[in-house]
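Let me begin by presenting the structure, written as structure tokens, before commenting on it.
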Amino acid sequence: MGKRKEILLTGGLGYIGSHTAVELLENGFMPVIVDDLSNTTENVLDGIEKITGIKPVFYPFDLKNKKKVKEIFSKHPQLKGIIHFAASKYVGESVEKPLLYYENNLCPLIYLLKQALSYGVKNFIFSSSCTVYGQPDKLPVDESAPVKKAESPYGNTKQIGEEILEDTTRAEDIQVISLRYFNPIGAHPSAEIGELPRGVPQNLVPFITQTAIGLREKLYIFGDDYPTPDGTAIRDYLHVVDLARAHVTALQRLLNKQNKKKFEVFNIGTGKGTSVMEMVKAFEEVTGKKLPYEIVGRRPGDVTAVWADTRLAEKELGWKAEKTIQDALRDAWRWEKKIRKSR
Ligand code: UD1
């Protein structure tokens, strides 16, 4: 095998970043990881090494440090692409601290782009979110649906991020794929890496697994009066390993110059909607554990239902989710049991 192509992976020790590091290594790439460890730990590197046999190079710094951003490009003149995960991701927190979110999610993006241009790194993958669609008028939602006014500063940083990138591709020699993720869940099937939520989990699946293991008394289901078949809200949950694979596929599209435009957007989901109640039932079936829950009021800012039209990703990227919700819940549960044992 030839020399591995180096890919800068910002936020590469985070939940999606670490799974993508594994997929990159398994596909012959060499991730160069930057992470400020604000929402993860250095132990994740050992997990990546256990799965792949390779410990990637890692730089612990904050990408708001312009000088360090420049340094990484000068230290790695062979970089072939950038996958930019590093960002703050708590919707509620973003409402409380908007400036923190605008600064954390947009300044590093700008610094990275400036250095990418000056060092001739032409391939950029951006972590976007289905949150840009708000409550879509038509389901499943496709990429041509209008971007609605963001519900939170977090969501707005994803919209503005896409605009910054699109404008930059119009003016400069750089090409971008923005991946609009639906709801990533699960963990690596090896249980060597997974999600490490900070404090009380905000997202459904970590809350479910923490309840099942006894860390939380019960799951609070936010609303059963939505206009859906069972009254609970519907999302498109996809396995994080499938999502990680989508990044490798998108990167290969850019490297092989198969992209049709300099700025492309793809939905990354399964194409299937699942309600909160269906998730609870699926978890119980897969694990054989009874999950205590209580129905409470709706959570502000939540939409009723969203799931992806994935035809564009299938046709253009040749990517399709392969794992089921059952696979994801089984892997999330295995990971939960493992991290509780080791603490
Ligand atoms: C959330 C973010 C979204 C972000 C995504 C990343 C909000 C409003 N949106 O999506 O911007 O891109 O995470 O993962 O936070 N639920 C419960 N009880 C719980 C937790 C969740 O009933 O304890 C329900 C929610 O009401 C929702 C579903 O489960 O209907 C999924 O919630 P969650 O995992 O937080 O994802 P989203 O809100 O879809």
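The values are calculated or read from the model by the stated rules, or taken from the named source; none is laboratory data. Just so it is clear, the model here is predicted, and its values are computed rather than measured. Positions of Cβ are generated from backbone atoms using ideal geometry, with glycine treated the same way; all protein chains shown enter the neighbour counts. These area figures cover heavy atoms from the full protein model, side chains too; ligands, DNA and RNA do not enter into them. Shrake-Rupley method; radii C 1.70, N 1.55, O 1.52, S 1.80 Å.
Every condition in (1) more than 16 Å from the ligand (Cβ to nearest atom); (2) in contact (Cβ under 8 Å) with a residue 40 or more places away in the chain; (3) within 25 Å of K138 (Cα to Cα); (4) assigned to a helix (DSSP H, G or I) is met by E314 except one, and the failing one is (2). Can you find a residue that is away from the ligand (no atom under 11 Å from the Cβ), of a type in the set (K, R) and either assigned to a loop (DSSP other than H, G, I, E, B) or without any contact (Cβ under 8 Å) to a residue 12 or more places away in the chain (or both) anywhere in the stretch 133-140? Checked the stretch 133-140: at least one residue is away from the ligand (no atom under 11 Å from the Cβ), of a type in the set (K, R) and either assigned to a loop (DSSP other than H, G, I, E, B) or without any contact (Cβ under 8 Å) to a residue 12 or more places away in the chain (or both). Would you call L79 touching a Phe, Trp or Tyr at 6+ places or on another chain (Cβ under 8 Å) and open to solvent by less than 20 Å² (accessible area, probe 1.4 Å)? Yes. The residue of the stretch 220-239 that is nearest to the ligand (Cβ to nearest atom), among those that are open to solvent by 10 Å² or more (accessible area, probe 1.4 Å) and closer than 21 Å to K323 by Cβ, is R235.
Only one entry of E162, E217 meets the criterion of being at pLDDT 95 or above, away from the ligand (no atom under 13 Å from the Cβ) and at negative phi, and that entry is E162. Screening I110, I193, I174 for residues that are under 26 Å from V44 (Cα atoms), away from the ligand (no atom under 16 Å from the Cβ) and of a type in the set (A, V, I, L, M, F, W, C) leaves exactly one candidate, I193. Which ones in the stretch 104-156 are of a type in the set (F, W, Y), open to solvent by 40 Å² or more (accessible area, probe 1.4 Å) and over 19 Å from L251 (Cβ atoms)? If the condition is that a residue be of a type in the set (F, W, Y), open to solvent by 40 Å² or more (accessible area, probe 1.4 Å) and over 19 Å from L251 (Cβ atoms), then Y111 is the only one that fits.
Over 18 Å from T270 (Cα atoms), out of contact with any Gly (no Cβ under 8 Å at 6 or more places or on another chain), in contact (Cβ under 8 Å) with a residue 12 or more places away in the chain and within 11 Å of the ligand (Cβ to nearest atom), is that true of T168? It would help to see each step written out before you state the result.
On the way: over 18 Å from T270 (Cα atoms): yes; out of contact with any Gly (no Cβ under 8 Å at 6 or more places or on another chain): yes; in contact (Cβ under 8 Å) with a residue 12 or more places away in the chain: yes; within 11 Å of the ligand (Cβ to nearest atom): no.
When the stated conditions are applied, T168 does not pass them.
Across the stretch 293-316, the number of residues qualifying as modelled with pLDDT of 95 or more, surrounded by fewer than 22 Cβ atoms within 10 Å (Cβ to Cβ) and aliphatic (A, V, I, L, M) comes to 4.
Please go through the stretch 22-38 and give me each residue that is closer than 24 Å to P197 by Cα and of a type in the set (A, V, I, L, M), ordered by number. Reasoning before the result, please.
At the first step, the residues of the stretch 22-38 found to be closer than 24 Å to P197 by Cα are 22-24, 31-38.
V22, L24, V32, I33, V34, L37 - these are the residues of the stretch 22-38 that are closer than 24 Å to P197 by Cα and of a type in the set (A, V, I, L, M).
Close contacts from the stretch 178-198, counting a first residue that is among the hydrophobic types (A, V, I, L, M, F, W, C) and assigned to a loop (DSSP other than H, G, I, E, B) and a second that is within 10 Å of the ligand (Cβ to nearest atom) and open to solvent by 20 Å² or more (accessible area, probe 1.4 Å), with Cβ to Cβ under 8 Å and a gap of 6+ residues or different chains, come to F182/R235; A187/E195; L196/Y15. Among the residues of the stretch 141-164, which ones are part of a helix (DSSP H, G or I) and of a type in the set (D, E)? Passing the criteria: E162, E163.
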